[in-house]
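Accompanying notes for the structure given below.
The values are calculated or read from the model by the stated rules, or taken from the named source; none is laboratory data. Note that this is a predicted model, so its numbers are computed, not measured. With ideal geometry, Cβ positions are generated from the backbone for all residues, glycine too; neighbour counts draw on all protein chains shown. Just the protein is used for accessible areas: all its heavy atoms, side chains included, with ligands, DNA and RNA removed. Shrake-Rupley method; radii C 1.70, N 1.55, O 1.52, S 1.80 Å.
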Amino acid sequence: MRFRVILAILLISLTVISCSPNRNREGERISDRDYRQGTKGLELEFMRNAPPDRVYSGDDMNLIVEIRNLGAYPTTDSFDGRLEVYGYDEKVFQGERWNGGPFISPTLQGRSQFSPEGGRENKEFHVDKVTTPFGSEAFKQRIIVAACYKYKTIAQPLVCIDPEPQSVFDESKVCTVDRNGKTYALGSQGAPVAVTRVEEEISSSNIHFSIEIKNVGRGKVVDENVRKECPLGLDFNDVDRVMASVKLPYDSSPKCQPKGDYTDPIRLDESGRGTIFCTFKKPPSKSAFETVLQITLDYRYVDEVYKDIEVINIDR
Amino acid sequence: MKKFYLLIIAVMLVSACRGSGEGSLDDKLQTGIDGLTLKFLKNGVPEVIEGNRLSMALEIRNEGFSYIEDSLLVLYTEKDVLKLEKWDLPGRLRVNSDNSLSFNLRGKTLANRKGEFELPSFTVKAEKIDESRNKIESMVGINACYRYYTIFSESLCIDTDPFGRKIASKSCKAKDISSSSQGAPVAITKVEQSIFPAETPDSAIIELNIYIENKGKGILIDPEKYKDACLGKGQGFNSILLTKLKFSWYEYNYEGLSDFECSPNPIEQRKKEYVVRCRLKEESAIPSETLTFETPLLIELYYGYKISDSIRIDVLNDERSN
């Protein structure tokens, strides 16, 4: 009898423990955390001494880059990105290559409840031989590592759909949009391009949203469709282009200006800001309600890290 | 206890000073405007009584960066007053004729930052002088003629995208290079660079203007006839040869295949300085897929150089000196 009681208590305890929400190191419940926050996508960092501060003629050299996905995309094994190394004289570093190729693993997922810190990967670049041309004593070389990767921003602001904003008699409205419209300020969405503001206006037959986006990261936004050439073959025609998709639950095909597709993307200005203006139909119902405005931005992003190293000729 | 603190302070001071002085690996060898230097080792004006002998020493030192090979040193005396009797030479020096020597000297190295030197000495015999005079002031002169190289080695930024069309960040910013000296009497003072679109699409041509000055105390002579200049046979030359220019995969050779066209070469003096322009040939244009990069630039100049020094020797009348 006592054994059964103990067994029952044990089972109940196990059930309670397994059903309680997971907590992270800080004690907060993981499911409570909003992973769609922050302005970073990838973060690149050279590992200590790889490359070293000084290299000597005749040596080989390794660069190890730690790549961390600190944004919120992707949540499946679908990461699409590559690394490039450049900035140096190709006569100085000979026989160079990425171990395992230049592509970043598709498994580099963003932050989520299953991966609270985001994915992490190390990539190694090997140089067979460092040379010092023409007997030069010592000179500097800057090594730049650039990551070019596809990324996505998902913003889901809660907006008020008030088909009859002028009707002042309905005091039980869930939400209202006044005559001058309504503005929703947004923070960041766990990506280097953020939806920063949404302005809503309602006309007699349509609902209009002006959506402002901004490059809030430190890198460059490039066209989503330039996978092969990115980043070394790109010129100024390929930058600051963002594709966008904007939907309401009852209308998934608004008329947008620009269209937000490949042929007519949002163009960011010198300050990194851009706007898309979308016009939706009014819903069949005349009652006001709150709903999610689904905004998805697609683009490629280029982040860089560099290190200056000194090449020393010891054969001199 | 006080002594202990003083000791610590002293150790800290010594450590702080180390590295900035001579012998630090960070010191550049290619600095200074001297090549071969020569001087008489003396204390005041040497005197010799007529009919007697006087021994004197010279210091010849290669204070520059290049190797001096088969240099010629010629000693001149007023033969009716002082007659060169003999040389007393260290092993590496060779007597060429009565009054001339040949020698080789290495320049500055990490192991010897002051350059190699030799101390040859010579003996002169004072001839009888006019009885009516107490003394005669006689000059002894020395000329040294040698071939030398100036080796300019600085980092050059090759900006293959001067109009900023590409989005890739640049690893360096193109700018003119200024320098004061390279461990040689002839110095490259400035290298200006310009980049132009080539006739071949998607490629660029680089042009370098190189400014050179004779900063040393000597004169330029023909490197092929440098010995003549010391023997009084030489004609004025006053030109410098650009023998090499190299960066990355591109190079210019005075004799042989080149990616550049450089003119004028030999480089003539223009006002105070010498200027040569080197332009990458069309067929060697830099392709546009090459991104901006920094690279060591090497420029080698070749010339002959002549330096001189002299000393006054007083020859005293034997009877009057008593």
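P(r) tail, segment A:224-268: Cα-Cα pairs separated by more than 12 Å, 65% of all pairs. Checked against a 31 Å cut-off, the cross-linked pairs A:Lys214/A:Lys247; B:Lys108/B:Lys135; B:Lys175/B:Lys227; B:Lys42/B:Lys135; A:Lys129/B:Lys246 give Cα-Cα distances beyond that limit for B:Lys108/B:Lys135; B:Lys175/B:Lys227.
Here the simple spin-label model places points 7 Å from the Cα toward Cβ, and for B:Lys42 and A:His126 these points are separated by 6.8 nm. Only protein atoms count toward the accessible area here, which uses a 1.4 Å probe; on chain A, the carbon and sulfur part of that area reaches 48 percent.
Extent along the principal axes, Cα only, for the protein assembly as shown: 138, 77, 45 Å, with the longest axis given first.
The charge dipole of chain B, taken about its Cα centre with unit charges on the Cβ of Lys, Arg, Asp and Glu (plus for the first two, minus for the last two), comes to roughly 1060 debye. Measuring nothing but how far apart in sequence close Cα pairs (under 8 Å, 6+ apart) lie, relative to its length, chain B scores a relative contact order of 23 percent.
Between the residues A:Pro165, A:Thr263, A:Thr176, the greatest Cα displacement towards the positive end of the dipole of segment A:153-300, with unit charges on the Cβ of Lys, Arg, Asp and Glu, is found for A:Thr263. Each residue, A:Tyr306 and A:Lys247, gets one label point 7 Å from its Cα in the Cβ direction; the gap between the two is 4.2 nm.
The calculated FRET efficiency for B:Asp176 paired with A:His208, based on their beta-carbon distance and R0 = 51 Å, is about 0.40.
Between beta-carbons, use under 12 Å as the cut-off and find the net charge around B:Lys233, counting Lys and Arg +1, Asp and Glu -1.
On the way: positive: B:Lys225, B:Lys227; negative: B:Asp222, B:Asp228.
Around B:Lys233, the surrounding residues sum to 0.
Relative contact order of segment A:153-300, taken over Cα pairs closer than 8 Å and 6 or more residues apart, is 32 percent.
For segment A:250-313, report the translational diffusion coefficient in µm²/s to the nearest whole number, using Stokes-Einstein at 37 °C, 0.692 mPa s, and a Kirkwood Rh over Cα pairs. Display every interim value, and only then the final one.
Values: Rh = 16.1 Å.
It comes out at roughly 204 µm²/s.
Counting only helical runs of four or more DSSP H residues, what would the 222 nm mean residue ellipticity of chain B come to if each run contributes -39,500 (n - 2.57) and the total is spread over all its residues? Working shown, then result.
Details: 3 runs with 25 residues, N = 322.
Per the formula, -2000 deg cm²/dmol.
Do any chymotrypsin sites (Phe, Trp or Tyr not before Pro) in segment B:169-266 lie in a loop, going by DSSP, with at most 13 other beta-carbon atoms within 10 Å of their beta carbon, and if so which? Don't jump to the answer; show the numbers that get you there.
On the way: sites: B:Tyr211, B:Tyr226, B:Phe237, B:Phe247, B:Trp249, B:Tyr250, B:Tyr252, B:Tyr254, B:Phe260; in loops: B:Phe237, B:Trp249, B:Tyr254.
Here no loop site has a sparse enough neighbourhood.
Once you've got the Cα coordinates, tell me which of B:Lys28/B:Lys166; A:Lys123/A:Lys150; B:Lys28/B:Lys170 are over 24 Å apart.
Values: B:Lys28/B:Lys166 36 Å; A:Lys123/A:Lys150 18 Å; B:Lys28/B:Lys170 27 Å.
Beyond 24 Å: B:Lys28/B:Lys166; B:Lys28/B:Lys170.
With Cα atoms defining each centre, segment B:245-276 and segment B:207-243 are spaced 15 Å apart in the structure.
Rounded to the nearest 20 debye, the dipole size of chain A about its Cα centre is 1040 debye, using +1 on the Cβ of Lys and Arg and -1 on the Cβ of Asp and Glu. Each eigenvalue of the Cα gyration tensor of chain A, multiplied by 5 and square-rooted, gives one semi-axis; in descending order these are 47, 32, 14 Å. Note on A:Thr291 and A:Cys175: their simple-model spin labels are 1.1 nm apart, each label 7 Å out from Cα toward Cβ. Principal-axis analysis of the Cα atoms of chain A puts helix A:2-19 at an angle of about 80° to the longest axis. Against chain B, whose longest principal axis is taken from its Cα atoms, helix B:2-17 shows a tilt of about 70°. Take every pair of alpha-carbon atoms less than 8 Å apart whose residues are at least six positions apart; their mean separation over the length of segment A:253-316 yields a relative contact order of 25 percent. Can you tell me the FRET efficiency between A:Gln156 and A:Glu90 if r is taken as the Cβ-Cβ distance and R0 is 60 Å, rounded to the nearest 0.05? With a Förster radius of 60 Å, E is 0.80.
P(r) tail for segment B:52-188, what percent of Cα pairs lie past 22 Å? Pairs farther apart than 22 Å: 58 percent. Which of the GluC sites (Glu not before Pro) found in segment B:159-218 are loop residues per DSSP with 12 or fewer other Cβ atoms within 10 Å of their Cβ? Those satisfying the criteria are B:Glu199. Computed over the alpha-carbon pairs of segment A:76-151, the distance histogram in 5 Å steps reads 3, 13, 20, 18, 13, 11, 8, 6, 4, 2, 1, 0 percent, short to long.
Comparing A:Pro51, B:Phe122, A:Phe134 along the charge dipole axis of the protein assembly as shown, the residue lying farthest to the positive side is A:Pro51, per the Cβ-charge model.
Report the one residue of B:Leu101, A:Thr196, B:Pro185 whose Cα lies farthest in the direction of the positive end of the charge dipole of the protein assembly as shown (charges on C-beta: Lys and Arg +1, Asp and Glu -1; origin at the Cα centre). It is A:Thr196, whose Cα lies furthest towards the positive end. Would you mind getting me the FRET efficiency between A:Asp77 and B:Glu283? Use the beta-carbon distance for r and R0 = 56 Å, nearest 0.05. After rounding, the FRET efficiency stands at 0.70.
Per the accessible-area calculation with a 1.4 Å probe, the total area buried between chain A and chain B rounds to 2300 Å². For segment B:145-262, the normalised intensity computed at q = 0.17, 0.21, 0.22 Å⁻¹ comes to -0.96, -1.27, -1.34 (log10 of I(q)/I(0), Debye sum over alpha carbons, equal scatterers, no solvent).
Can you give the charge dipole size of the protein assembly as shown about its Cα centre, rounded to the nearest 20 debye, using +1 on the beta carbon of Lys and Arg and -1 on the beta carbon of Asp and Glu? Mind showing how you got there, number by number?
Details: 87 positive and 96 negative charges, 362 e Å.
Using Cβ point charges on Lys, Arg, Asp and Glu, the protein assembly as shown gives about 1740 debye.
Chain B gives an Rg/Rh value of 1.13, both radii derived from C-alpha positions and Rh following Kirkwood.
Checking every one of the GluC sites (Glu not before Pro) in segment A:217-316 against DSSP loop status and a limit of 12 other Cβ atoms within 10 Å picks out A:Glu270.
Which value in deg cm²/dmol, rounded to the nearest 500, describes the helix-derived mean residue ellipticity at 222 nm for chain A, given -39,500 (n - 2.57) per DSSP H run of n ≥ 4 and division by the residue count? Let's see the in-between values first.
Values: 1 runs with 18 residues, N = 316.
Value at 222 nm, helices only, nearest 500: -2000 deg cm²/dmol.
Considering all different alpha carbon pairs of segment A:153-300, the Kirkwood hydrodynamic radius works out to 16.2 Å.
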